Amino acid sequence: MNLKKFISLALLGLLIFNTQAQEGYELWLDYKEIQDPTVEKSYTSFLNNTEVIGNSSTIQSIKKELQLARAGFDFEDSEPNNESKLIIGVQNKLPSTLKNQINTKNLGEEGYKITTINNGNTIVISGNSEIALLYGTYGFLREMQQWNDISALNIEDKPKIQKRVLNHWDNLDRTVERGYAGFSIWDWHLLPELIKPEYKDYARANAAIGINGTVLTNVNSNALILTPHYIEKVKALAEVFRPYGIQVYLTARFSAPIELGDLDTADPLDENVKKWWKNIADEIYAEIPDFGGFLVKADSEGQPGPFQYDRTHVDGANMLAEAVASHNGIIMWRAFVYSEEDPDDRAKQAYDQFIPYDGKFADNVMVQVKNGAIDFQPREPFHPMFGAMPNTPLMMEFQITQEYLGFSSHLVFLPKLFEEVLDEDTYSNGENSTVAKIIDGTNSNKKLTGIAGVANIGTEKNWTGHPFGQADWYGFGRLAWDPYIDSKDIAQEWLKINFSNEEDFVKPMTDLLIESRETVVNYMTPLGLHHIMATSHHYGPGPWVDDLGRPEWNPVYYHKADKNGIGFDRTASGSNALAQYAKPIAEKYSNPKTTPEKYLLWFHHLPWDYEMKNGKSLWNNIALHYQKGVEQVEQMQKTWATMEQYVNEEEFEKTSMLLAIQLEEAKWWRDACLSYFQQFSEMELPTGVPEPEHDLEYYKSIERPYAPGINPSW
Ligand code: BDP
């Protein structure tokens, strides 16, 4: 190739790379140039002299990642210290001189250790498996991405939760239920022949934050995924993910034995049904030996399940568990259930259905419980099932995609929400029995532990649509690895890695991220209000909706506003959902005066003039919260406007435009909800809250029939 051609190709490459970086495709693996000369020198020294022991595909991935980092950090001007060395190897394969110095006994299979020895001249990344080395490498690079001092680095880290899983609600036609970032990244039609580079980049990004499993298909599932034609495609993905320690799972449609034309029943106690599932499992494992298992939504929102045959959740889950047990597979059986025949408070139904079965599930079953008992609201008290099933492994299900939080047009830092839930005390085993301790098994010595996040990923160039949606994916992974990390630390880490290390950027932007969760609660569902979103797509306000087929699909069911007041009475005088919580909570929350105000209307129906802690009426407080939410978005805009110098042009512009949408919609929420509730309160808006621009009929008339994320089969 002549020089001219070489230069033009190189420039083109640079341009493509740069455009991708501008669009955010690289996620947290965008190794930006290091501009701090003090750290640059030591980074150069270690990265330019590395020894990675072994030759497997995981080891190749580590080597590749180090190369990418070296190229991205761009060490050109720095003089390395030739004595420095980075050694990466599984403990029992380290040279004998090192073996004695590095103890990895307590690290399990996935934990890693980064040790500095030899007067600071040698850094060793070690663990008990190659995947541990991969995690260690990403941990090491994360230090560098934040420009941290590595001269005396000593880190020991291991995941506190075993199954750290993304749930994709992706359909085989590539639509994504509750997906707001384009279509599904799984190109089923062209798999297995076409392996898109995105698949590998997806695996890298997930491994970098410790995610080790992915459920490829929607919980509202399609039995076709279990046929050989599709299993071949799943296998191709599993092969890309394997070197990155990511196991593949699928959703199992309970009626598949009938739908795929083989049997006329799906009764879990029927021998032929059992055999059918065992065969399917064997077929899958023959192709994908490390297949993770099945996620099942049964007898929920019209999905088939064991109830049709007068069987129980245990019958259903254990039958599937048996089919995968000999292959070390697991069943994640969802507890998101509520029945159209049951007139009881929807918030109580999952608990009532599952608690009697504590201890009855097979060892390889996890019950996957949503946060929270209603449905991924901007704020819900923790689900009372956490703490109430000491003999059953409970998996947490968070929603990363923003179904009820403004889709991918609103900036909301969800790790703050996740943290609030994980930190709640269930009192199930005395004080300090936090939800995190239930999930990670420490509260009752659970052998199997897990956490799932419903993904916000799609074909958008930056994967998540909103540039800040990436932070939610990132933060979910970090909390899945360690549910005790402070969400503020996650925010800082992500901001530094993604944008800039400058203090004048990191500090105000960390505050912005941390506050963004309360902001959305304020302008959507303050003081314990919930599920008052517009119907079906859940975009925008719809507190007036009262005409849907099932009572609990209607927002009026949840807020119960009338002339006498507002809120859902879940105390003994109402649905008594409170009785599902441990005594200290049930007692405290049974009185509105001792209920945290953030949960007030979740548990109590109160008069509009009820006096709140600040001495003002409930009505005034509701109105002021809505107003505050709007003002907080204005503040976000102001802060962001000063950040142009720290972020790339594309992301700056995009975020600015999205914040403008968020502000308009915060006002829409405020004005629509206040106009609606005011007809019952018949009270004036307090000073500082502007009169709505339009009348209630106008807000009611707004329709968004093509808002994204709706399942096309509905
Ligand atoms: C609700 C969603 C629906 C899901 C369901 C579930 O609106 O699309 O299928 O949860 O989690 O939040 O099964």
Exercise for review: Any chance you could run the full-extension gain for residue 152 through residue 489? It's 0.36 nm times the residue separation minus the Cα-Cα distance, nm to one decimal.
Suggested key: 119.2 nm
Practice item. Enumerate the calculated ³J(HN,Hα) couplings along region 187-200 in order (Karplus 6.51 cos²θ - 1.76 cosθ + 1.60, θ = phi - 60°), each rounded to whole Hz, writing x wherever the residue is Gly or Pro. Key: 8, 3, 4, 9, 6, x, 5, 8, 9, 6, x, 4, 4, 5
Check your understanding: Once label points are set 7 Å from the Cα along Cα→Cβ at both residue 340 and residue 229, what is their separation, rounded to one decimal in nm?
Key -> 3.1 nm
Review point. In whole angstrom, how far apart do the alpha carbon centroids of region 494-541 and region 248-292 sit?
Key: 41 Å
Review point. Between residue 82 and residue 103, what FRET efficiency comes out of the Förster formula 1/(1 + (r/R0)^6) with R0 = 41 Å and r the beta carbon distance, rounded to 0.05?
Key: 0.90
Review point. So which lysines can residue 64 reach, going by Cα to Cα under 22 Å and dropping same-chain residues fewer than 8 places off?
Key: 32, 41, 85, 93, 113, 196, 200
Check your understanding: If amide H atoms are built 1.01 Å from N in the plane of the peptide, which residues on other chains or at least 5 residues away come under 5 Å of the amide H of residue 295?
Key -> 250, 251, 252, 332
Check your understanding: For residue 507, which lysines qualify as cross-link partners when the Cα separation must be under 19 Å and same-chain residues fewer than eight apart are set aside?
Key -> 416, 488, 496, 638
**Study point:** ³J(HN,Hα) computed for each position of region 253-258 - Karplus, 6.51 cos²θ - 1.76 cosθ + 1.60, integer Hz, glycine/proline x
**Key:** 7, 4, 8, 3, x, 7
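Tell me the relative contact order for the chain as a rounded percent, counting alpha carbon contacts under 8 Å between residues six or more apart.
On the way: 1358 pairs, mean separation 82.1, N = 714.
Reported as a whole number, the value is 11 percent.
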Practice item. Show which lysines lie in cross-link reach of residue 278 when reach means a straight Cα distance below 25 angstrom and same-chain residues fewer than eight apart are skipped. Key: 163, 233, 235, 297, 360, 447
Check your understanding: What per residue convex hull volume, in Å³, comes out for region 3-157 when only alpha-carbon positions are used?
Key -> 134 Å³
**Study point:** Full-extension gain in nm, residue 461 to residue 634, via 0.36 nm per residue minus C-alpha separation
**Key:** 59.5 nm
Study note, to complete from the structure: Taking Cα atoms, the helix 3-23 axis meets the longest principal axis of the chain at an angle in degrees (rounded to 10) of 30 degrees
Review point. Applying the Karplus parametrisation 6.51 cos²θ - 1.76 cosθ + 1.60 with θ = phi - 60° to the phi angles of region 694-701, what ³J(HN,Hα) value in whole Hz is obtained for each residue in order, glycine and proline being reported as x?
Key: 10, 8, 4, 4, 4, 5, 5, 7
Study note, to complete from the structure: Placing each pseudo-label 7 Å from Cα in the direction of the beta carbon, residue 591 and residue 507 end up separated by a distance in nanometres of 4.3 nm
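Convex hull volume of the Cα atoms in the chain, per residue, in Å³? Let's see the in-between values first.
Working: hull volume 123.7 nm³, N = 714.
Expressed per residue, the convex hull around the Cα atoms of the chain is 173 Å³.
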Practice item. Show the residues, 5+ positions off or on another chain, whose built amide H is closer than 5 Å to the amide H of residue 499. Key: none
Review point. What value, in deg cm²/dmol to 500, does the helix sum -39500 (n - 2.57) over DSSP H runs of n ≥ 4 give at 222 nm once divided by the residues of the chain?
Key: -12500 deg cm²/dmol
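Scan region 538-614 for trypsin sites (Lys or Arg not before Pro) in coil per DSSP, keeping those whose Cβ has at most 10 other Cβ atoms within 10 Å, and list them by number.
Counting only loop positions with at most 10 other Cβ atoms within 10 Å, the trypsin sites (Lys or Arg not before Pro) in region 538-614 are 563, 613.
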Exercise for review: Calculate how many DSSP beta bridges within the chain are antiparallel, expressed in % of all such bridges and rounded to the nearest 5.
Suggested key: 25 percent
Exercise for review: Treating the angle as unsigned and between 0 and 90°, give the value, to the nearest 10°, between the Cα long axis of helix 618-641 and the longest Cα principal axis of the chain.
Suggested key: 30 degrees
**Study point:** With Cα atoms, 0 to 90° folded angle of helix 271-287 axis to the chain main axis
**Key:** 30 degrees
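With all protein chains present, how much of the accessible area of the chain (probe radius 1.4 Å) comes from carbon and sulfur, to the nearest whole percent?
Numbers: 13470 of 27750 Å².
Carbon with sulfur: 49 percent of the solvent-accessible area.
The values are calculated or read from the model by the stated rules, or taken from the named source; none is laboratory data. Since the model is a prediction, treat every value here as computed from it, not as a measurement. Every residue, glycine as well, gets a Cβ built from its backbone with ideal geometry; the counts of neighbours run over all protein chains shown. These area figures cover heavy atoms from the full protein model, side chains too; ligands, DNA and RNA do not enter into them. Shrake-Rupley method; radii C 1.70, N 1.55, O 1.52, S 1.80 Å.
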